[in-house]
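Beneath this line is the structure, given in structure tokens, with notes to follow.
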Amino acid sequence: YNSGVLRICLGTFHNMYWREGLRCVRRSTLPRCLPTSLGLRTKCDNAAIIGHHRQHGTLIAQCQRLDRYQRRNSVHFGVQVARNSSSWDGDDNMEAAGSSSNVAFDRKLKVLQRNGAAIAARKGRMVKTSEEAVDYDYFQEEIANRLVDRLDDIIREGGFPLALDVGSGVGHVYRAINAHESFEGVGGVGGVRKLVQLDSSAGMLHRDDDLDDTAHDDSEPPFCGAYKMVADEEGTMPFPDGTFDLVISSTALHWVNDLPTFLSETKRILKPDGCLIFAVVGGSTLFELRSSLVLAEMERDGGVSPHVGPFVDFADVGTLLTSAGFTLPTVDIDTIKLAYPNATVLMEHLQRMGENNASLNRRSRVGADTFLAAACIYDQAYPLQDDAEDEEDSIEASVQVIYAIGWSPHDSQPKPLERGSAKHKMGDVIVE
């Protein structure tokens with residue numbers, strides 16, 4: 001990082017920071033219309049990029065609570081470059097948290113962040129009309145629909161009567177399952193008749209209770225019943241062995257510190273021939289934002305702190321399933337491109353989704369000049385690669401989503417023959 005080439009690059013970005021700074025300030029704001037697709041076509045007006053108190057007035061108390069929590073629990077951080085460790089040179093005084101090296105995320109902080117996002121969404125609905133309100137659930141809703149589509153492709157006699165949704169959030173999986181009746185005419189998609197929704201954030205779990213009650217008042221009863229439970233996704237789950245036919249999870253497992261333990265616990269609560277299906281954010285997610293923040297912090301503060309991830313790698317998911325004892329693992333991947341006006345709007349959406357930084361090694365606070373420099377770098381380094389001429393969207397963000405299916409062992413499942421039991425040689429097979 002001390003090479004002359006990087007110094008030249010940083011100098012270029014430094015000049016660009018001052019040249020492009022005012023333009024970034026003028027363009028950044030919250031979108032004021034619903035995203036029509038994953039392209040996220042939004043409108044924006046003039047506003048400051050940091051500390052927009054008009055939009056965030058209702059969150060000031062929650063943010064102060066988060067700040068106090070971060071002051072108590074943040075740890076000193078540094079950066080390793082070419083096997084040489086260099087500690088942070090800034091003025092932040094952070095106390096050691098005393099956590100294990102195997103723990104990457106602060107789960108208590110993540111619950112506070114998601115509760116804050118739920119409070120903001122509920123208050124936003126009360127003070128805005130449906131045309132003015134911004135829907136920040138577009139990504140989770142899309143992934144839940146894609147995951148349930150994969151569940152619908154599984155043909156199983158009797159379906160999956162009892163299912164568990166781990167990290168259910170506001171209930172995107174539940175709504176997707178209730179969107180259609182099962183092929184057998186009983187239950188929702190996949191034959192699910194009862195869905196237990198488990199989440200560690202009570203605010204997010206019950207955020208839309210009033211909307212769900214209103215929707216069911218004047219309509220037919222849902223295909224699938226639901227029961228909501230507040231519990232931690234990590235550790236021992238409060239269910240006996242062999243309880244569920246299906247365990248499903250959508251965009252929640254990337255905040256779990258110990259995936260092998262989670263998978264082993266999931267296998268315990270599954271019935272024989274039970275199914276685990278999940279969608280998890282992969283390792284190449286938001287690499288543009290990560291790179292921009294790294295360059296901005298190196299230039300403005302002289303050090304690097306974690307802001308994005310870490311996430312599980314695609315190549316490791318199959319191994320994790322097999323090591324936990326699941327059979328017939330199936331893994332596939334999607335890469336989704338999202339368009340935003342600038343990096344500050346992207347970070348605003350992450351915050352309102354409850355997906356902001358919860359790393360144990362995070363900084364207690366980051367300066368506004370660092371965020372502005374990162375936004376300028378992002379704007380120049382990762383412009384929107386789209387033929388459509390839309391001045392409102394100028395950058396793109398990449399999200400890697402990994403889908404996986406595993407089954408708890410059962411005698412009815414196909415098994416490989418024993419080694420050495422073949423009766424024909426490969427050389428005897430002639431392919432013309």
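Quick look at the values:
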item: Carbon + sulfur, % of accessible area of the stretch 186-301 - ligands and nucleic acids excluded, 1.4 Å; result: 55
item: Of every Cα-Cα pair in the stretch 292-388, the percent that sits beyond 15 Å; result: 72
item: Calculated diffusion of the stretch 170-286, Stokes-Einstein form, Kirkwood radius summed over Cα pairs, 4 °C and 1.567 mPa s, µm²/s; result: 83
item: Eligible lysines near Lys110 by straight Cα distance, threshold 22 Å, same-chain separation 8 or greater; result: Lys123, Lys228
item: Kirkwood Rh in Å, taken over all unlike Cα pairs in the stretch 273-348; result: 15.2
item: Convex hull of the stretch 331-375 built on C-alpha atoms - directionally averaged projected area, nm²; result: 4.9
item: Unsatisfied cross-links (Cα-Cα over 28 Å) in the set Lys271/Lys425; Lys194/Lys267; Lys108/Lys337; result: Lys271/Lys425; Lys108/Lys337
item: Scaled radius of gyration (Cα, divided by 2.2 N^0.38 Å) that the stretch 135-201 gives; result: 1.08
item: Highest to lowest packing among 198-206, 297-305, 405-413, scored as the average C-beta count within 10 Å; result: 198-206, 297-305, 405-413
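The values are calculated or read from the model by the stated rules, or taken from the named source; none is laboratory data. The structure presented is a predicted model; accordingly, all values stated were derived computationally and were not measured. Neighbour counts run over all protein chains shown; Cβ positions are idealised from the backbone, glycine included. Ligands, DNA and RNA are excluded from the accessible area calculation, which covers all protein heavy atoms including side chains. Shrake-Rupley method; radii C 1.70, N 1.55, O 1.52, S 1.80 Å.
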